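The values are calculated or read from the model by the stated rules, or taken from the named source; none is laboratory data. Quantities reported herein were computed from a predicted structural model and do not represent experimental measurements. Every residue, glycine as well, gets a Cβ built from its backbone with ideal geometry; the counts of neighbours run over all protein chains shown. All accessible areas refer to the heavy atoms of the entire protein, side chains included, with ligands and DNA or RNA removed. Shrake-Rupley method; radii C 1.70, N 1.55, O 1.52, S 1.80 Å.
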Amino acid sequence: MNLNLYDPEKKKVFWRFGKKTKIFALAIFFLLIIFLIFARNRKNFLFEKNNFASENLKNNTLTEAPGESGRFIPGPFSMNEIKKNGCVADGFLSGYDGKISDIADMIERSRCVYLHRALETWLSQPDFEKAVNNMQKINRKPLVYGMFIAEALSTRGEYVDPNWNYNFNFDKMCKKGTKGRWGNDSCIPSINNVEYRRYLKSITHRAMDIGIQSFLFGQIKLQDSNPTFEGTQIKKVLDDMRSYAKEKNMQIIIGAQTNDIVDEKYLRLFDYIEGGVGIDSGGNIENQPCSSKFSGCWALLWDKRYSSIANNVFLHLDWSGFAWDDMDIFAKMSQINRIATLKNLYQKFTSQNMGFLMPFLTVLNHDNGGCSGPTKNFYTPSEKYDCNDEAMINRILPEVSQNR
């Protein structure tokens, strides 16, 4: 370094930088510029660990992709509509049963206002492009689409947000000790993990961008390590979702499968709680807080123990793909008993201001032996397949005004 401190002609002391000094200063300057650019970009797509809800990610709207132009435009709805004209359409937007056009035609003919769990994420990442394409197969309005946020995560999954230059790490989303919980390369995700909350922010925002208005968290006691009002991290996720919906001037509802949670403040974080009814072969249900079928508590959410401390309750015939669940029992009934069961459950629960969601597309055990839809492992009431319950189910549901 060459520093001359005295000029004999001007009789002044000053700094004169040598060549090496100038190069060093320029290098520091350019490194500072690069750091500022990196910091700014990083802020646009990463969340603050302790300030999830307030982080403002720029440009977080779904970019146009093939098939997404002219996508579904959501509208207003009432909770009363959802409760009285709600239908289970599990995986319709995800292409679950492979006969999308037939299912779309059936929904078009139906009196359904709400399609519960239409977009699935069980051991898979949501395919938004496919969802948009399937939405476009239905023209009838009004219609509210639901999304299921599963407690089962694939650690081998790949997911790309078109607006974030970020690679999601699914291993970092897993709750400790749950690897392999749902088979190879699977785990239970944890709300406590920042990476999972980051992922939820991305998929729920993108879902709203394509018109999804109902979000259901599966088995929240598995996803939330501390499901209490004071201890939960999910408030950050819910606040962010509602804030984004408000930005878009869009109405949404958020629910959870809460099982036997009885922390009222926690339950009221959600717009609705959701669960199965637990029928027997005669279509009857039990009158107690927990089903007697299981050693632990499988909560019967219409019981006052839960329903009196929740904002809203949604009920349906439960399905799991096993040979003992509600849908397995239901599919084995005669048609007369199937319709009688649905009519009784619908009248019982809607008369108590709860929702009962009619089965329009649900999973069955492949060895069920009862009636089914286009494949043995799916029930649908479509007139095109052997259950053929469609017309009678639509007569149970009230007529729907086509104007919101």
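Please enumerate the residues belonging to segment 310-327 that are over 12 Å from T362 (Cα atoms), in a loop (DSSP other than H, G, I, E, B) and either in contact with a Leu (Cβ under 8 Å, 6 or more places away or on another chain) or open to solvent by less than 10 Å² (accessible area, probe 1.4 Å) (or both). Scanning segment 310-327 gives A310, N311. Looking at I254, I279, just one residue is assigned to a loop (DSSP other than H, G, I, E, B), open to solvent by less than 30 Å² (accessible area, probe 1.4 Å) and on the phi < 0 side of the Ramachandran plot, and that residue is I279.
To keep it simple, each residue is scored yes or no on (1) of a type in the set (S, T, Y); (2) within 29 Å of R395 (Cα to Cα).
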position: G95; (1), (2): no, yes
position: I103; (1), (2): no, yes
position: I107; (1), (2): no, yes
position: V113; (1), (2): no, yes
position: D127; (1), (2): no, no
position: N134; (1), (2): no, yes
position: K137; (1), (2): no, yes
position: Y145; (1), (2): yes, yes
position: A150; (1), (2): no, no
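Within segment 139-162, residues that are surrounded by fewer than 16 Cβ atoms within 10 Å (Cβ to Cβ) have Cβ atoms under 9 Å from residues that are part of a strand (DSSP E or B) in these pairs: R156/S186, counting only partners at least 6 apart in sequence or on another chain. For segment 204-227, the set of residues classified as over 15 Å from G91 (Cα atoms) and among the small types (G, A, S) consists of G211, S225, listed by residue number. Applying a threshold of 7 Å to beta carbon distances and a minimum spacing of six or more residues, or different chains, the list of pairs starting in segment 172-189 at a residue that is in a helix (DSSP H, G or I) and ending at one that is among the hydrophobic types (A, V, I, L, M, F, W, C) reads M173/L153. Of all residues in segment 386-395, one or more are at pLDDT 95 or above, buried (at least 19 other Cβ atoms within 10 Å of the Cβ) and under 26 Å from P74 (Cβ atoms).
Take the residues of segment 354-373 that are surrounded by 15 or more Cβ atoms within 10 Å (Cβ to Cβ) and over 24 Å from the mean Cα position of the chain (by Cα): which is nearest to V113 (Cα to Cα)? My answer is G373. When we screen V262, V237 for residues that are in contact with a helix residue (DSSP H, G or I) (Cβ under 7 Å, 6 or more places away or on another chain), surrounded by fewer than 19 Cβ atoms within 10 Å (Cβ to Cβ), modelled with pLDDT of 95 or more and more than 30 Å from N337 (Cα to Cα), the only hit is V262. Out of everything in segment 331-387 that is among the aliphatic types (A, V, I, L, M) and in a helix (DSSP H, G or I), what residue ends up being nearest to Y306 (Cα to Cα)? By that ranking, first place goes to L345.
Of all residues in segment 128-137, none satisfies the criterion of being open to solvent by 10 Å² or more (accessible area, probe 1.4 Å) and among the hydrophobic types (A, V, I, L, M, F, W, C).
Listed conditions (1) open to solvent by 30 Å² or more (accessible area, probe 1.4 Å); (2) part of a loop (DSSP other than H, G, I, E, B); (3) at pLDDT 95 or above are all met by F92, apart from (1).
Cβ separations smaller than 9 Å between residues 6+ apart or across chains give the following pairs from segment 224-246 residues that are over 13 Å from T204 (Cα atoms) to residues that are of a type in the set (S, T, Y) and at pLDDT below 95: G231/S225; T232/S225; Q233/S225. Within segment 265-276, the set of residues being open to solvent by less than 10 Å² (accessible area, probe 1.4 Å) and charged (D, E, K, R) comprises just one member, E274. Being surrounded by fewer than 22 Cβ atoms within 10 Å (Cβ to Cβ), in a loop (DSSP other than H, G, I, E, B), more than 20 Å from the chain's Cα centre (by Cα) and modelled with pLDDT under 95, is that true of even one residue in segment 109-127? No, segment 109-127 has no match at all. Here the condition is being open to solvent by 40 Å² or more (accessible area, probe 1.4 Å) and among the hydroxyl-bearing types (S, T, Y); of S307, S351, it holds for S351 alone.
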